[in-house]
Amino acid sequence: MSRRGHVGVPLSEKHTDELRNPLPEHARHRIRLNSPATSFIESFLVGNGRFGAAVHGRPGCERFDLNLDTFWSGGPLSSAEKHDRSRWLEPIRAAVRRGDHEEAQRLAQDLQGDTWSQSYEPLGGLLVRFDDPSDESVFEGRELDMAAAIASSWSSGPRGPVRLRSWISAPRNVLVIELSGATHDVVLDLDDPHGAEYAASHENVPGASEALVHTWAGRAPVAVAPDYLGDVDEPIRRPTDEPDASGLVDAGMGFAIAAITQRTGPDEVRVIVAAVDGYRGRTARPSADLSDLRRRAVDQVVALWDVPTETMRAEHEAEHRSWFDRVDLDLSASSARDAGAHVDAAQAEQFFDLGRYLLIASSRPESQPANLQGIWNDDARPGWSCNWTTNINLPMNYWPAARLGLGELTAPFASLVADLAELASTTARDVYGAPGWALHHNTDLWGFSAPVPSTAPTDPHHANWPVAGLWLTEQLAELERFGVDLPVDLWAITAGAAEFALHLLEPDPDGRLVTNPSTSPEHDFLVDGVPFSVSAGTAMDQQLVADVFDTLLALVSEGRAPADTDAQDLTGRVRKSRDRLRPPRVGPDGALLEWGEAWEPADRGHRHLSHLYGLFPGASIDPERTPALEAAARLALRDRLDHGSGYTGWSQAWILCLAARIGDTDLVQHSVDILVRDLTSASLLDLHPVPNHPTGFRFQIDGNLGGVAGIIESLVSARDGHIRLLPALPGTWPAGSVRGLVVEGGHRVDLTWSEGRVERVRVTVGGDGEVRVSGPGVADVLRPARHGDTIDIPS
């Protein structure tokens, strides 16, 4: 449904060079394209963590797909959605013990729930028409300035050239659109998927009598069925209820958009857009009081009437640069001639810059965490519900944050995990009869944590993976190891994860402890050619349990455990169980096993690399401490690659990280080539091939962000106080520099290299202790240091 708002603000003609595309073809920190976006996946994305827009670059009529990070379908989980399924746990475990795979698989479906996670929803597409529909505007170019966080486009028509610039201000929390040049009247319209109602009002504004404000207001769906279910009855269920006397509803929150158009010069017009929704917290009923929401949005835009555009642009850019300028990777010293048939250094640098730009734009203190598409989505029934997929997407989104010196941007992730540690205790209790908290393969704004229903294609290999909470806990522990100050109680989160893990453990025939039941995310094993999911002690489970136990014991040794009998009892049980955990197993071919037995994988080229978690992002598999396991992990990775793994962006990003971790420079180069050439759109957004979408792809931000982490790991990495420089430098980057990278220990590294060898390095020490530095062209250096010291090492 569409509603239109019109404002007659004619702009005089202005034929000046500054309104034409002025920049060279290649410029650092910029993406320049010579055609408008043909779909959402080719758009430029702008955002401030809370408010996002996808900008298409269309001549004559620009489109902005608008989003708010808290605008989701559904509402808080109700008690009706919670059922006691724990009676099925022991029969499943018994079936696994006796090797009855068929019975274990059947019984596992009885653990699955009745509901799905909810979907991240679009607000709609704001259309800004600035030419006469009878005119034929000509596209001239568009760019995303990642350092300034401004999207621009240039076009021309019978009246002359037009430049459109847009950004979303974090200080003001609005979208600002600047039009300069020869345009027709500006007309606003909303391409709206939710049946929003349009209204116009004349509002008093500072410094003038009144101005016309356009608003659209509506409600989110009550429920949205995941797109992978295909054709189902009422896939998008719209609200039919009325808000109560307080304006609240059980599901289907309200939203409002306000836009004000203003002439700011003889040849300049700006449009200011604000959006609000009715979210009030994960467990609070949302608001659908549309009158109140309209008023809140209107007040935002009216308050900015007399604020100069230059002021807003300057404060926006300064705020954004306070994040973006913390790191700079400069590969311009590497010539395109060095690349040969590979992606050249300039393209790799551009991909790296976009990834960190997207993290800054989609995750800020006080926002929600970046979801499957960050904060951008144009589909009311989005791919995979555009939720937080916990078996890879959500963790991968935050792999680069601390490494980029952007630890503060992980606060939304930490807050979500803390919330889940409380909310998901009901799933641990109701599904497993367990203490602690249990999270399965996805979650949403409302803290969904149950296994999803047993409706194809969500069989147990998707749904029955209950240890997502362990992974998220370990991600928090890693952030601390990088020097991030977490705004949550890591002990409480870890203790809950450890309690649940203890409940899952039981002795195998050799007396070693394994998780039962256990699955490897989204993958099956074959027994006599028949695929099954459920077993005991998968590699990833065992690695995660070991890491969580180690984290809890480290917190105890640091004096961060409560001084009570509960903590002491838990510590004792964890210590005993840690010693009895079954370590990862190696198969007859020398490769690390994904399951506890040497079963044939159903898909040897599977996209998930879960059994290699201990290599990356974990640290339990290491060439110095566990050389045999590291060799086995290499063989397992090679087998996956030889059979076609890495065909999605996020999967290839994980391969890049693994390649960097094992120092395989050729594989690093190969992964960068595939990511940048084959698995990104024209605007470098990461792609996941899908058959059920008109473009054949969906955008998934985790590939962009995981790719950044892999590039960093190829340049500098650290474990156990040892900083390794250029551990996996591709041959196409023989010379360059990087400033501001952070490694384990909180140490910041500035590095310059030439001909593949270190020229200069400065380490700003993140904590007291010995610091060891090594790399090509640098003698192995071991120095005592204190927090804040700088260590300069010439080649």
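The values are calculated or read from the model by the stated rules, or taken from the named source; none is laboratory data. Keep in mind it's a predicted model, so treat the numbers as computed, not measured. Every residue, glycine as well, gets a Cβ built from its backbone with ideal geometry; the counts of neighbours run over all protein chains shown. These area figures cover heavy atoms from the full protein model, side chains too; ligands, DNA and RNA do not enter into them. Shrake-Rupley method; radii C 1.70, N 1.55, O 1.52, S 1.80 Å.
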(message) Using the Karplus curve 6.51 cos²θ - 1.76 cosθ + 1.60 with θ = phi - 60°, what ³J(HN,Hα) values do you get for each residue of the stretch 746-757, in whole Hz, with x for Gly and Pro?
(response) x, 6, 9, 10, 10, 9, 10, 9, 8, 6, x, 10
(request) Skip the ligands, DNA and RNA, and give the accessible area per residue of the stretch 610-652 with a 1.4 Å probe, whole Å². (result) 34
(request) Could you let me know the centre-to-centre spacing of the stretch 373-400 and the stretch 185-239, using Cα atoms, in angstrom? (result) 23
(request) Quantify, in whole percent, the carbon and sulfur part of the accessible surface of the stretch 668-737 (1.4 Å probe; protein heavy atoms only). (result) 57
(message) With a cut-off of 8 Å between alpha carbons and a minimum separation of six or more residues, what is the relative contact order of the chain in percent?
(response) 13
(request) List the residues whose amide H sits under 5 Å from the amide H of Tyr279, counting only those 5 or more places along or on another chain, with H placed 1.01 Å from N in the peptide plane. (result) Ser287
(request) Assuming a ≥ b ≥ c are the square roots of the Cα gyration tensor eigenvalues, decide whether the stretch 593-663 counts as rounded (a/c under 1.5), prolate (otherwise, with a/b larger than b/c) or oblate. (result) oblate
(request) With a probe of 1.4 Å, find how much accessible area the stretch 230-324 has per residue, and write the answer as a whole number in Å². (result) 44
(message) Ignoring ligands, DNA and RNA, please state the percent of accessible area on the stretch 281-336 from carbon and sulfur, probe 1.4 Å.
(response) 51
(message) Could you work out [θ]222 nm for the chain from helices alone, using -39500 (n - 2.57) per DSSP H run of at least four and dividing by all its residues? Round to the nearest 500 deg cm²/dmol.
(response) -8500 deg cm²/dmol
(message) How large is log10 of I(q)/I(0) for the stretch 443-567 at q = 0.19, 0.22 Å⁻¹ when the intensity is taken from the Debye formula with one equal scatterer per alpha-carbon?
(response) -1.12, -1.31
(message) Quick check: at a probe of 1.4 Å, how many percent of the accessible area of the stretch 82-217 sits on carbon and sulfur atoms?
(response) 43
(request) Order His202, His342, His316, most accessible first, counting only protein heavy atoms with a 1.4 angstrom probe. (result) His202, His342, His316
(message) Could you compute the longest span of the chain free of trypsin sites (Lys or Arg not before Pro) located in DSSP loops and having at most 11 other Cβ atoms within 10 Å, not counting the site residues?
(response) 99-785
(request) Please sort by residue number the GluC sites (Glu not before Pro) in the stretch 702-795 whose DSSP state is loop and whose Cβ has at most 13 other Cβ atoms within 10 Å. (result) Glu755
(message) Per residue, how much accessible surface does the stretch 663-715 expose to a 1.4 Å probe? Answer in Å², no decimals.
(response) 28
(request) Using only Cα atoms, locate the centre of the stretch 464-520 and the centre of the stretch 614-686, then give the distance between them in Å, rounded to an integer. (result) 24
(request) Considering only protein heavy atoms, with the full assembly of protein chains and a 1.4 angstrom probe, order Ser362, Ser322 by accessible area, largest first. (result) Ser322, Ser362
(request) Please go through the stretch 301-370 and write out the GluC sites (Glu not before Pro) that DSSP classes as loop and that have at most 10 other C-beta atoms within 10 Å. (result) Glu366
(request) Report the net charge of residues surrounding Phe44, where surrounding means a beta-carbon distance below 14 angstrom and charges are Lys +1, Arg +1, Asp -1, Glu -1. (result) -1
(request) Name the shape class, rounded, prolate or oblate, that the alpha-carbon gyration tensor gives for the chain, where a ≥ b ≥ c are the square roots of its eigenvalues, rounded holds for a/c under 1.5, and otherwise prolate holds if a/b is larger than b/c and oblate otherwise. (result) oblate
